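See below for the structure under consideration.
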Amino acid sequence: MTISNVILEGSLALYKRKEFEGLDFIPKQEKALTYLLDDETSDVLYGGAARGGKSWLGCSWILFEALTKPNSAWFVAREELTKLKDTTLLTFFKVLNFWGLKKGVDFRYNGSSYQLNFSNGSIVFFVELKYVPSDPLFDRIGSYDLTGAFIDEVQQIHKQAINVLRGRFSVLSGEGWSAIPKLFMSANPSKTWIYEDFYLANKENKIEPWRKFIQALPTDNPHNSPNYLSNLLKSDEQTVQRLYYGNWEYDNDPTAMIDYDSIIGLFNNDHIEKGRKKYITADIAGEGSDYFRVIVWNGFEAIDKISMKKSDGQQVVSTIKDLQRKHLIPAKSVAYDADGIGAFVGGFIHGAIAFHNGAKPLLKENYENLKTQCYYQYAAKVVEGSIWISFKVNEIERKEIIQEHEQIKTRDADKEGKIKMIKKEEVKRNISRSPDWTDALAMRMYFEMMPKGSGVSRRN
């Protein structure tokens with residue numbers, strides 16, 4: 001192996017001995033490197049704010065691993081190739097330059113295949129990990145044999161891609177070295193799957209022992225200029241909370257229909273008036289598919305619920321009828337998801353309303369379909385503080401309800417045409433499950449838009 005910088009030889013020796021103080025890393029980066037070199041940790045999530053040295057650390061780790069493990073194979077990825085070239089790849093070349101490696105001597109880079117080969121036989125692949133409907137299982141990753149990977153801005157990556165990537169770790173030993181699979185990820189605060197798996201699990205001391213989360217703030221990085229920090233503090237509140245303070249509870253997605261404080265208010269809105277009518281809304285799932293959720297309403301107060309993992313036809317019908325008897329609710333005030341397995345319910349609960357998600361919107365409004373119309377109307381009610389979830393929820397249910405409300409987002413708002421919302425498939429990718437709670441809750445708005453003469457009062 002050719003290394004043109006003598007200083008790098010000494011740095012690699014320090015790295016092998018896990019002595020990071022001489023390598024110009026900040027304490028948070030040193031902590032991450034400790035996990036990346038132990039025999040227990042396989043996944044490390046680093047960041048949770050801006051300018052905490054995420055990309056620099058990830059690129060440096062890949063470099064040190066590639067140089068200390070001849071003939072190893074590494075993966076550097078972002079969601080989109082353009083962003084990868086404009087950000088992460090540029091940082092990688094800065095890291096190479098910082099440590100004095102010379103192109104054509106210590107490494108060669110192929111710009112057409114996005115592949116970097118070191119003189120010791122190690123290789124780094126720079127890859128796009130964008131979700132595409134034609135490859136939902138990320139089969140395109142299947143041809144790689146890897147030692148480890150760095151995923152930059154992993155909050156933008158589908159969890160399925162990470163699962164598939166783990167199966168590609170196979171080059172785990174070589175002459176004079178051996179390794180366990182390692183996945184290093186950087187992220188800014190996000191309400192995608194990393195929130196649940198890393199941030200929240202770590203906060204509640206429930207994180208898996210093979211996972212580690214390190215929160216790195218811009219103030220942790222002495223290389224950030226005071227001007228950068230002061231300018232960041234002048235940004236809008238959501239940006240300051242997320243990128244300066246590393247607050248994961250704030251989402252800066254401009255397509256979100258409901259702010260976080262309004263979502264939390266769902267459980268505290270005991271000021272709303274008592275309803276005059278009671279209703280039942282049910283999101284029905286077949287056996288082994290999603291959850292069966294039934295909500296009982298008194299006006300706009302959700303007063304009772306049933307939730308079960310598996311539900312055959314008999315269970316669905318008996319559960320709804322039991323709630324009808326318990327709360328004295330007539331069939332005409334029951335709405336159920338009639339798509340798929342729910343289609344049979346009407347034959348057993350005569351007079352109940354069959355809700356079809358893809359049906360035309362009511363009141364001749366310009367929504368993509370009935371489901372979208374109900375979700376928009378429901379979101380507006382939540383924001384104005386007019387929905388109260390008073391039924392008892394456990395810790396898991398509360399988290400699920402909050403998470404699903406954060407996924408209520410617009411789609412193509414800048415385009416002409418019908419009003420749209422984020423597709424259910426995308427929500428499933430973001431939270432790794434179906435939004436059954438909000439599907440059942442949003443259905444409540446159907447009764448507010450029922451055409452005259454339907455026999456159902458629009459008054460809550």
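Could you give each residue of the stretch 90-99 its phi-based ³J(HN,Hα) in whole Hz, using Karplus coefficients 6.51, -1.76, 1.60 with θ = phi - 60°, and x for Gly or Pro?
4, 5, 4, 5, 5, 5, 4, 5, 4, 8
Calculated from DSSP H runs of 4 or more alone, at -39500 (n - 2.57) each and per residue, what is the 222 nm mean residue ellipticity of the chain, nearest 500?
-8000 deg cm²/dmol
Taking square-rooted eigenvalues a ≥ b ≥ c of the alpha carbon gyration tensor, is the stretch 260-448 rounded, prolate or oblate, where a/c under 1.5 means rounded and, failing that, a/b exceeding b/c means prolate? Before the final figure, lay out each step's value.
Numbers: a/c = 1.32, a/b = 1.18, b/c = 1.12.
Note, shape of the stretch 260-448 comes out rounded.
How high is the relative contact order of the stretch 6-244, in percent, with contacts defined as C-alpha pairs under 8 Å that are six or more residues apart?
Working: 396 pairs, mean separation 70.8, N = 239.
Reported as a whole number, the value is 30 percent.
Going Cα to Cα from Lys103, which lysines come in below 16 Å? Please leave out same-chain ones fewer than 8 positions away.
Lys94
Quick one: compute a quarter of the convex hull surface over the Cα atoms of the chain and quote it in nm².
Mean orientational projected area (the chain, Cα hull): 24.8 nm².
Would you mind checking which residues have amide H under 5 Å from Ala49's amide H? H placed 1.01 Å from N; only 5 or more apart, or other chain.
For Ala49, whose amide H was placed from the backbone, the distant partners under 5 Å are Ala216.
Mind ranking 187-197, 47-57, 240-250, 82-92 by how tightly packed they are, going by the mean number of other C-beta atoms within 10 angstrom, highest first? It would help to have the intermediate numbers written out before the result.
On the way: 187-197: 21.6, 47-57: 25.6, 240-250: 19.0, 82-92: 17.1.
With the highest mean Cβ count within 10 Å placed first, the list reads 47-57, 187-197, 240-250, 82-92.
By per-residue mean of other Cβ atoms within 10 Å, what is the highest-first order of 426-433, 147-154?
Values: 426-433: 17.8, 147-154: 26.6.
For the peptides 426-433, 147-154, the packing ranking is 147-154, 426-433.
At a temperature of 37 °C and a viscosity of 0.692 mPa s, determine how fast the stretch 6-244 diffuses translationally according to Stokes-Einstein, using the Kirkwood radius over alpha-carbon pairs as Rh; express D in µm²/s, rounded to the nearest whole number. Write down the numbers at each step before the final one.
Working: Rh = 18.4 Å.
In µm²/s, the coefficient rounds to 178.
Give me the dipole magnitude in Debye, nearest 20, for the chain about the Cα centre, with unit charges on the beta carbon: positive for Lys and Arg, negative for Asp and Glu. Write out the running numbers ahead of the final one.
Details: 61 positive and 60 negative charges, 221 e Å.
So the magnitude is around 1060 debye.
Could you go through the stretch 159-168 in sequence order and give the Karplus-derived ³J(HN,Hα) for each residue, using 6.51 cos²θ - 1.76 cosθ + 1.60 with θ = phi - 60°, rounded to whole Hz, and x for Gly and Pro?
4, 4, 4, 5, 4, 5, 4, 4, x, 9
For the stretch 366-377, in order, what is each residue's ³J(HN,Hα) by Karplus, 6.51 cos²θ - 1.76 cosθ + 1.60 with θ = phi - 60°, in whole Hz (x at glycine and Pro)?
Once rounded to whole Hz, the list reads 8, 9, 4, 6, 5, 4, 4, 4, 5, 5, 5, 5.
Can you put Ser72, Ser262 in order, fewest other beta carbons within 10 Å first? Intermediate results must be reported in sequence, preceding the final value.
Numbers: Ser72 25, Ser262 18.
So the ranking, lowest neighbour count to highest, is Ser262, Ser72.
Tell me which residues come under 5 Å, amide H to amide H, from Trp74 once H is placed; ignore anything under 5 positions away on its chain.
Ile123, Val124, Phe125, Thr147
Non-local amide H neighbours of Met421 (under 5 Å, H modeled in plane, Pro and chain starts lacking H): which ones?
Arg411
Students often get this wrong, so check it: of Lys305/Lys399; Lys321/Lys381; Lys18/Lys182; Lys159/Lys415; Lys85/Lys234, which have C-alpha atoms separated by over 19 Å? All intermediate terms of the calculation are to be shown ahead of the outcome.
Values: Lys305/Lys399 16 Å; Lys321/Lys381 28 Å; Lys18/Lys182 16 Å; Lys159/Lys415 29 Å; Lys85/Lys234 29 Å.
The pairs that break the limit, which is 19 Å between Cα atoms, are Lys321/Lys381; Lys159/Lys415; Lys85/Lys234.
Across all directions of projection, what mean area in square nanometres is found for the Cα convex hull of the stretch 105-234? Intermediate values should be presented prior to the final figure.
Values: hull surface 48.0 nm².
Its average projected convex-hull area is 12.0 nm².
Only the coordinates and a few stated rules stand behind these numbers; no lab work does. Predicted model, so just to flag it, every value in this text is computed and none were measured. Glycine also receives a Cβ, built like all others from the backbone with ideal geometry; neighbour counts cover every protein chain displayed.
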